[in-house]
Amino acid sequence: MQEKNKSIGVLRWGGFGDMLMSSIVFPYLKNDGYHITLYGTDRNLPVVKFDPHVDKRVSIEAGSIPREKWDEYWEECRSHHDRFINFSGSIEGQLLKPEGHAEFEWSHELRHQVCDINYYDWTMMWAGYPKVKGQNVQMYFSPAEVSQTKKRIKKHNRMFKIVWALSGSSPHKAWPYVEIILKQFLLSHRDVAVYFVGDLVCSILSSRHWIGDGDKQVMRRIKEYSGKMTIRSTLCLAHHADLVIGPETGVMNAVGGQDMGKILFLSHSSHENLSKYWKNTAVMVPSVDCHPCHQLHYTASSCPRDKALGAPVCQIGVGPKEVAEAINRFYEEWKR
């Protein structure tokens, strides 16, 4: 029998996807008898708000602790527990080399040799479970969240519902042909509804009016929620979609293990890194030499760009035809 009431602190700073990926270890820690205290930020802790495996949550304001004070804070957290796991830097820094670090300048071949490891398997190993493979994220929603989402999509219940995350947190996580694809698809398919999600920046990446082209019937089937919903409302909406589309971002991490269709635009990660264990996913692999770069780009200038469109070449490297075919394939499966 496992020893009860052992205390473990788990710390994860970073984005929504970072916290979600770390959450795959919680059931294993709980099964080993640990009382789990989760340390995060006011930004990323909400994604695991109702995770039943977490006993206590400790939040700080994102960015409130200066870099030179990180170690001091981490040691303070560590001192309160029998065991402590710090996931911050477990993926970024290890399997994704940050801009400004020496490893960022490694050759493409060397980065790929070192970094082409599955993020989920790596996370389990980091937590002390190296034999556990093939995990995916499990989300937990309250009855109120589910009810609110069902009300939001009620008038589209009989339609093929697409949730499209327009961009991620980095300059190379935005596919430039969204409007071209949807304009044609929505005009030719009257039983399709699209929900745009993301942050405030995403709200400038699409035009409902341009896609609708004056057709009010089409425009009624396009909902622009970017910058208008909480992250939990966004993730719950994605869990009620028939198809979720997006780059390497938290929305896609949240639904990777779910059965609905998914179209993922890879950028700095490989299929081995991110989507190896995801269900029912069409993985868009850019046909460019620098993919997968295994780099964290903080500035647009550090990422190779297409001269004509100014977009990162890894996003230009996936053409509209390939994506349109994938969308239509999922649509036809839904029709059947």
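In table form, for the structure just shown:
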| item | result |
| --- | --- |
| Qualifying positions in segment 321-336 - within 20 Å of residue 268 (Cα to Cα) and more than 20 Å from the chain's Cα centre (by Cα) | 322 |
| Residue 279 vs. criteria within 18 Å of the chain's Cα centre (by Cα), surrounded by fewer than 16 Cβ atoms within 10 Å (Cβ to Cβ), at pLDDT 95 or above and closer than 28 Å to residue 150 by Cα | yes |
| Unique match (being under 25 Å from residue 170 (Cα atoms) and surrounded by 15 or more Cβ atoms within 10 Å (Cβ to Cβ)) among 63, 40, 9 | 40 |
| Residue within segment 320-331 that is touching a strand residue (DSSP E or B) at 6+ places or on another chain (Cβ under 9 Å), of a type in the set (S, T, N, Q) and either outside the structural domain of residue 252 (by TED's automatic domain parsing) or not in a strand (DSSP E or B) (or both) present | no |
| Within segment 291-301, considering residues that are of a type outside the set (Phe, Trp, Tyr) and surrounded by fewer than 17 Cβ atoms within 10 Å (Cβ to Cβ), the one nearest to residue 90 (Cα to Cα) | 299 |
| Lone qualifier among 150, 154, 161 - being buried (at least 20 other Cβ atoms within 10 Å of the Cβ) and among the charged types (D, E, K, R) | 161 |
| Qualifying residues in segment 28-54 (those that are in a helix (DSSP H, G or I) and farther than 16 Å from residue 84 by Cα) - the one nearest to the chain's Cα centre (by Cα) | 47 |
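Residues are listed down the side, and each one gets a yes or a no for (1) crowded, with 22+ Cβ neighbours inside 10 Å; (2) in the same structural domain as residue 223 (by TED's automatic domain parsing); (3) in a helix (DSSP H, G or I):
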{"position": "133", "(1), (2), (3)": "no, no, no"}
{"position": "140", "(1), (2), (3)": "no, no, no"}
{"position": "145", "(1), (2), (3)": "no, no, yes"}
{"position": "168", "(1), (2), (3)": "yes, yes, no"}
{"position": "172", "(1), (2), (3)": "yes, yes, no"}
{"position": "176", "(1), (2), (3)": "no, yes, no"}
{"position": "183", "(1), (2), (3)": "no, yes, yes"}
{"position": "187", "(1), (2), (3)": "no, yes, yes"}
{"position": "195", "(1), (2), (3)": "yes, yes, no"}
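Conditions (1) assigned by TED's automatic domain parsing to the domain that holds residue 192; (2) under 23 Å from residue 133 (Cα atoms); (3) touching a residue at least 60 places away in the same chain (Cβ under 8 Å), marked per residue:
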{"site": "227", "(1), (2), (3)": "yes, no, no"}
{"site": "230", "(1), (2), (3)": "yes, no, yes"}
{"site": "233", "(1), (2), (3)": "yes, no, yes"}
{"site": "244", "(1), (2), (3)": "yes, no, yes"}
{"site": "272", "(1), (2), (3)": "yes, yes, yes"}
{"site": "295", "(1), (2), (3)": "yes, no, yes"}
{"site": "300", "(1), (2), (3)": "yes, no, yes"}
{"site": "313", "(1), (2), (3)": "yes, no, no"}
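The values are calculated or read from the model by the stated rules, or taken from the named source; none is laboratory data. Worth saying up front: this structure is predicted, and the values here are computed from it rather than measured. Heads up, the Cβs are rebuilt from the backbone with ideal geometry, glycines too, and the neighbour counts pull from every protein chain shown.
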